[in-house]
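Here's the structure we're looking at; comments come further down.
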Amino acid sequence: MTETNLAVRPTSPVPHRSRDAVGALFRIESVRLLRHPAVLTGVFFYLALWAYEWGTGALLHRYPILQDEDRYSQVPLLLIAAGAFVGSNLIATRAQRSGVASVTDLFALAPWLRTLAQLLMPLPLAVLSGLLVSVRIAHLAAMPGAVGQPSPLEMATGPLIVLLAGVAGVAVGRLTPMVSVSPLVILGMAVFTLVGTVTLSRPMLKWWGLVAIEDEFEPPLPADLMYRPVAMHLVYLAACAAVCCATALAQSGIRRRVGVTAVGVTTVLAAVAGAAQSVTLPEDIASRRTAAERQPSPQQVCQTVNVVTYCAFPDFEGRIGQWSKVADGVLRHTPPTATENRYVVRQRLLFGTASGGISLSPPLAAWAADDAQAGTPGSVPIGTKWGTDQIGGGAMLSFAGHFAARVVTGDPPTEETALSVCGSRAVVVLWLAATATEETAAALHSLLPRTGGSVVLPLLGSSLALSIGRQEVLMVRSLLDRPADQVSEQVIANWDELTRPETDTERAARLLGTRVQGAVAEGARC
Amino acid sequence: MLTTVWLLAPHLARSSRKAPVVLCGVLAVALAALPLTASYQLEIPYAVTLIRVVAVTVALGVAFALDDSASATTRVTPTSRRLVHLTRIALSALPMVSVWAAGLLLCRMAVPANARQYLPVGGLALEAAALMATTLALAAVAVTVSATTHGGLTATPGLLLATTAMTLLPDGLQPFAGPESARWEASRWFWLILLVGAMFVLGSVLRDARRRPSAAAGTTAVNVSIA
C-alpha cells in the first residue's frame, strides 16, 4: 500500500489524446490492482483452499457433478472479489489519503476520465478469475469420478462478481474517502449472502445478492432439468456494475444532469433485472421433471457390466462404472446361484425429499410400469447423490444395501421386501453392503456413531427404508473385524439357510461362527 | 502508572479515529437487534451465527485503534510506548467489548427462554476475543512495518479475508463449528491458540523501542535531553 501519483509516469512521453491517457492510466492501475496486497491475499486464500482439497486427496473422492460444481465455484471467488473491492477502493482514495487531492486538479486529464480508467481497472483481474474458474472446472472434470456438463453462464457469474466488486470499490471511494466504510460494505454483503443461504424458504431473496446458494440437501439433477435464472442474474449483476460506474462518474465532475440521469437509468435497470429473476419453475421444465421422475426409461442410456444392466440419465452415464464396483462387490460374496439372475439398476429421481423429509413415499407403481415398458422388470433404484462425505456416503451405502436386499430376497424394493429383511437376512444384507467396497465400509463406520446402534438405509431419502436392528448391526460389526474371505466362505456355504426369511439372528450367528450381542431394541419391527 | 494513563487518555482519545468505532458499534447492535425487532424466535445455530457476525463487526471496530499520524512526534516523549499503545487499544476495545456483550444479550433475548441455557457463551466469548486480538496484532504489525496510519487499512481486509477463508474450510477443520457438532470442543483449541498467538505478537511488536539495542543509545539521549 505505497503511495503513488495518479499521473502517468514522468519517464513516459505525455499522451496528447485523452484516450491514450486513459489507456495508459488503466494499464498502470490494473497492474497495481493485480499486485495489491488485498487482491494477492484473496488469490492466495483461494489457491490455498484448492491446494488443501487437492493435497488431502479429498478431490479424488469427491465424485464431482459438473453442473453443480460450476455453481460451487462462485463462493470461493468471493475471496478474490473482497480483495478486489478493498484494493480498488484504496486505489480510488489514494490521492485523498495522501493529501494530494488538490494537486490532482492540475492534471490535464479530466477527473471523470481518471475515474473511467479506474473503473476499467478490475477487468484484467476479472479475466484472471475467469481463468481460475476454468482451470478449477477442468481440474474437477479430469477427476475419475466426474460426470455432467458445466454451464458457461454459471462459470461467468464468479468473474462478473469480481468485476462488480472492483467497480463498487471505486464507486464507494468516490462517494467517501473514509477507508473504514469499505470493510463495512463487505461485511454487509457477507451478511446478505449468509441471510440468503438460511432463508431457503424465500428463494427470491438470495437472487438479490451476489451468489445464489441452493439447498445442497436436494439431490443433484441432470442439467436439462435444473432451473436457475442464471442469465437474468448475470444481467442483474451487470446492471449493478453499471450503477456503480454511473455513481463513480457522477461524483467525478461530469455534468450534473448527465450524472443524475445515468444513475437513475441504471438503478431502474438493475431493479427491473433484479425483479425479473423469476424463481417460478417454468411449465415445460416442471412437466419434464414429472416425466423424469415417473417414466425416465425413454431418456436413459443403459450399459451391461457383468450380470447387471445399469440405466442412467445421459449426464450421469459416467457413474455406471462406480455403481458397478459396488454391485460387483456385493455379488462377490454370493454363490453362483445368486449371480445366475440378471439384475437391473435404474437411476431414479425423487423430488421433494429435502423438504418432504422421510415422510415421502416413492411412486413404486409408476416405476414398476416404467420398468415393464422398458423390459427391465425388478430394477433397483439408485439416486443421483454419490460420494464419500456424510450425505454421499449414506447414499452409497443405501444403494449397496438395497442392491444386496434385491440379491438376498430376489424381489425389487417394496414395502414388503423391506419388511422381510429381518433376522439372518438383515445380517447378510448389511454385511454384503458394508464389504462391497472400502467406501461403503467407511460409510457404515461414519454412520454408526450418529445412530442409536441400529441402521436405517432409506431408498433415495424416502420413507421406504431397510431397518437393520441393533443386534444385527452388532453382529455385522463383529463379522467386519474378521477377514472378509473367511466370512464369505461361510456365507456362500450356508446361503440358502441364511437368506430364508424365517432364519433368525441366533441361527445366523451359529452359522457364521459368532454370537448374538445385546438385547433386541424395543419397538423393533422384526 | 494510573496517573499517566489518566493524563494520557483524553489526548489519545482526541487523536484516535472515532468513526470506525461508532460505525461498527452501531452496525453490530443493529444486526444483533434485528431478530428482536422482527419478533423472530432464533434457534441456537442461527443465534450462534449472528453472535459470530457481531464478533467480526466488533473486531473491525478496533482495527483502527493503533492508527496515529502523530506517532512520529510522540515517540521521543518519556512515556512508555507500550503504555500509550495499550491505552489507545483500551479506548477502542472497551466500548467494543461492551457492544459485543450488548449484542450477545440481544441475541440471547431472541432465543426462546427454554433454549437459552444451551447458548455456548464462553466458547463464543473466546472466538470474539481471538478475533479482536488477531485484528489488533495485524494492525500492530502494519503500524510497525508500514506507515503509522496503515493499521486499520491492513487489519480490516486481513480480518475479513481470513474470516471468509475460514468459513470455506471443510467440515473437518471448520473453526466456526456448530455448538452441537462433534468439532465444537476441538475448534475451541484453535481459537485459544489463535488468541495466545495474537497476544504474543501484539506484545512483542508493541514493546518499547528503547529496549532495542540498535535504538537504545539515541532514544536515551533524547529522553535525557527532554528530561
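All of the numbers you see were taken from the coordinates with simple rules; none came from a lab. These figures come from a predicted structure and were not determined experimentally. Reconstructed Cβ throughout: ideal geometry from the backbone, glycine too, with neighbour counts over all protein chains shown.
Details
- Taking A:71, B:183, B:14 and counting other C-beta atoms within 10 Å, the order from fewest to most: B:14, B:183, A:71
- This ranking places A:482, A:477 by how few other beta-carbon atoms lie within 10 Å of each, fewest first, which gives A:482, A:477.
- By the helix-only formula, in which each DSSP H run with n ≥ 4 contributes -39500 (n - 2.57) and the sum is divided by residues, chain A has a 222 nm mean residue ellipticity of -18500 deg cm²/dmol.
- Listed residues A:396, A:161, A:65: farthest to the positive end of the dipole of the protein assembly as shown (Cβ charges): A:161
- Helix B:81-110 axis, angle to chain B major axis (alpha carbon atoms, nearest 10°): 10 degrees
- Dipole orientation for the protein assembly as shown: of the candidates A:316, A:89, A:444, A:89 has the Cα lying most toward the positive pole (charges on Cβ; Lys, Arg +1; Asp, Glu -1).
- Partners for residue A:325 among aspartates and glutamates (Cα-Cα distance below 17 Å; same-chain residues under 8 apart left out): A:317, A:438, A:439
- With contacts taken as Cα pairs under 8 Å and at least 6 residues apart, chain A reaches a relative contact order of 11 percent.
- Residues A:31, B:99, sorted so that the one with the fewest Cβ neighbours within 10 Å comes first: A:31, B:99
- Segment A:62-108 versus segment B:87-133: alpha-carbon centroid distance in Å: 31 Å
- More than 53 angstrom apart: percent of Cα pairs within the protein assembly as shown: 25 percent
- Under the span-like rule (Cα at least 20 Å along the axis, Kyte-Doolittle mean at least 0.0), DSSP H helices of chain A: A:18-34, A:37-55, A:74-92, A:123-141, A:152-175, A:181-198, A:230-250, A:256-275, A:390-409
- Convex hull volume per residue, computed on the Cα atoms of chain B, equals 133 Å³.
- Charge context of residue A:227, other residues only, Cβ under 14 angstrom, K/R +1, D/E -1: -4
- Segment A:138-290 - Rg over Rh from alpha carbon coordinates, Kirkwood radius: 1.04
- Our note on the geometry: Cα centres of segment A:353-431 and segment A:271-291, 31 Å apart.
- Cα gyration tensor shape for segment A:288-511, rounded if a/c is under 1.5, else prolate or oblate: prolate
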